[in-house]
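Written below as structure tokens is the structure these notes are about.
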Amino acid sequence: MEHSPPSQVTNAALVLGITGGAGGAVARALLEHGWQVRALHRDPSRARHQARDLSGVDWREGDARSPRDVLRAAGGVDVIVHAVNPPGYRKWQELAVPMLASSIEAARQSGARILFPGNVYNFGPDAWPLLREDSPQHPTTRKGAVRVEMERMLEQAADSGARSIVIRAGDFFGGGGEGSWFGAAMVKPGKPLRAVTYPGAPEVGHAWAYLPDLGETFARVADLEKGLPDFGRFHFGGQWLEPGIEIVESVRRVLGRPDLRVRRMPWWLMRLASPVAPFLRELLEMRYLWYEAVRLDNSRLVALLGREPHTPLDEAMRATLAALGCIEPEVPTD
């Protein structure tokens, strides 16, 4: 993957959710672009251990749910990356909305712009199969309704001085896999793969976002501050795989194992366990995305950047499996 040259002027960013997939990817890309990166975490020493490859980050102790903590950490930054999500994939209304409100108030007072990773939860059947930035937002799930509310908060906040950019993307893969379908449900990290679990209909297309590419996209957008609107939405096309089972074929190619077994996701068993397992209940709510082809139109993003960062699928998959401990990482040769 090619990277843009670092900015000539050093800018500063506060990243909320830096130990998560999107937050960590954006932080890495900003560092590569020459930005100073600050991170807010309730336990900086533990977070520093989790994100050992993020050298140079200025760790600040605090809680993203506290407006005071976010405002204190945001002093002097140009960008606030709001990539923090409720723990355990639960309590979106109770936690996600107040955390975003804290970032909006910090942006309003500090003059920083919010960068917000979005997804496809906002949309319902009337917008499928090809999603544009202005497609109707009529979600059929609770989390989708919360996502619509959060984007509405950002759009309205632009009128009072809190600028923001939303970049929507598909399911994450890459990095450590924390919080992603690929790392949490499809493969077992930490050992050689004996099988891959596929959650959906094999023939239905699926949108994936390779996190290093998504992080690079955010960094390139951040570098263009003077050319950005006060509020804007963009779609990251990422890896559109049709049929969706192509992601399993990529795993097979990388491993050199064309006979690697494919398991079906045991949705029926998850449904039985969901009354006593809240995390499974939350996953079940998004099951429909594995049986409907939902693709993001990235033409607006390409018009802004010239092209979208894109790592070839098998190269991205090899790096992903190495990060998950499923294969040995490649050793660079001179």
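The values are calculated or read from the model by the stated rules, or taken from the named source; none is laboratory data. For clarity, every value in this text was computed on a predicted model and none was experimentally measured. A quick note on method: Cβ atoms are made from the backbone with ideal geometry, for glycine too, and the neighbour counts reach across all protein chains shown.
Just wondering, is there one or more residues in the stretch 70-80 that are among the acidic types (Asp, Glu) and either under 25 Å from Lys226 (Cβ atoms) or within 22 Å of the chain's Cα centre (by Cα) (or both)?
There is at least one residue in the stretch 70-80 that is among the acidic types (Asp, Glu) and either under 25 Å from Lys226 (Cβ atoms) or within 22 Å of the chain's Cα centre (by Cα) (or both).
With the condition kept exactly as written, say whether any residue in the stretch 236-244 is among the small types (Gly, Ala, Ser) and either more than 24 Å from Glu133 (Cβ to Cβ) or loosely packed, with under 13 Cβ neighbours inside 10 Å (or both).
Within the stretch 236-244 (the criterion being among the small types (Gly, Ala, Ser) and either more than 24 Å from Glu133 (Cβ to Cβ) or loosely packed, with under 13 Cβ neighbours inside 10 Å (or both)), the answer is no, since none of the residues qualifies.
Please go through the stretch 106-124 and give me each residue that is more than 11 Å from Leu16 (Cβ to Cβ) and part of a helix (DSSP H, G or I), ordered by number.
Ala107, Arg108, Gln109, Ser110, listed by residue number.
Taking the conditions exactly as written (surrounded by fewer than 23 Cβ atoms within 10 Å (Cβ to Cβ), outside any helix (DSSP H, G or I) and at negative phi), does Lys191 satisfy them or not?
Against the criterion (surrounded by fewer than 23 Cβ atoms within 10 Å (Cβ to Cβ), outside any helix (DSSP H, G or I) and at negative phi), Lys191 qualifies.
Pairs, please: C-beta under 7 Å, at least 6 apart or cross-chain, first residue at negative phi and in the stretch 96-123, second buried (at least 23 other Cβ atoms within 10 Å of the Cβ) and hydroxyl-bearing (Ser, Thr, Tyr)?
Arg113/Ser164; Ile114/Ser103; Ile114/Ser164; Phe116/Ser164
Condition check: assigned to a helix (DSSP H, G or I), in contact (Cβ under 8 Å) with a residue 60 or more places away in the chain and of a type in the set (S, T, N, Q). Does Thr197 satisfy that?
For Thr197, the condition - assigned to a helix (DSSP H, G or I), in contact (Cβ under 8 Å) with a residue 60 or more places away in the chain and of a type in the set (S, T, N, Q) - is not met.
Please pick out the residue among Asn122, Asn85 that is touching a Phe, Trp or Tyr at 6+ places or on another chain (Cβ under 9 Å), under 23 Å from His138 (Cβ atoms) and of a type outside the set (Lys, Arg).
From the options Asn122, Asn85, the qualifying one is Asn85.
If Glu308 satisfies all but one of (1) out of contact with any Asp or Glu (no Cβ under 9 Å at 6 or more places or on another chain); (2) under 26 Å from Glu249 (Cβ atoms); (3) of a type in the set (D, E, K, R), what's the number of the condition it fails?
(1)
Would you check if Ala127 is assigned to a loop (DSSP other than H, G, I, E, B) and either of a type in the set (A, V, I, L, M) or more than 21 Å from the chain's Cα centre (by Cα) (or both)?
Criteria met by Ala127.
Would you confirm whether or not the stretch 212-220 contains a residue that is touching a strand residue (DSSP E or B) at 6+ places or on another chain (Cβ under 8 Å), of a type in the set (Ser, Thr, Tyr) and modelled with pLDDT of 95 or more?
For the stretch 212-220, residues touching a strand residue (DSSP E or B) at 6+ places or on another chain (Cβ under 8 Å), of a type in the set (Ser, Thr, Tyr) and modelled with pLDDT of 95 or more: present.
Starting from residues that are in a helix (DSSP H, G or I) and surrounded by 18 or more Cβ atoms within 10 Å (Cβ to Cβ), keep the ones in the stretch 320-334 and report whichever is modelled with the lowest pLDDT.
Ala323
Being in a loop (DSSP other than H, G, I, E, B), closer than 22 Å to Met286 by Cβ and small (Gly, Ala, Ser) is true for just one of Gly175, Gly144. Which residue is that?
It is Gly175.
Residue under question is Arg152, and the condition is that it be buried (at least 21 other Cβ atoms within 10 Å of the Cβ), of a type in the set (Lys, Arg) and within 21 Å of the chain's Cα centre (by Cα); does it hold?
Judged against the criteria, Arg152 is not a match.
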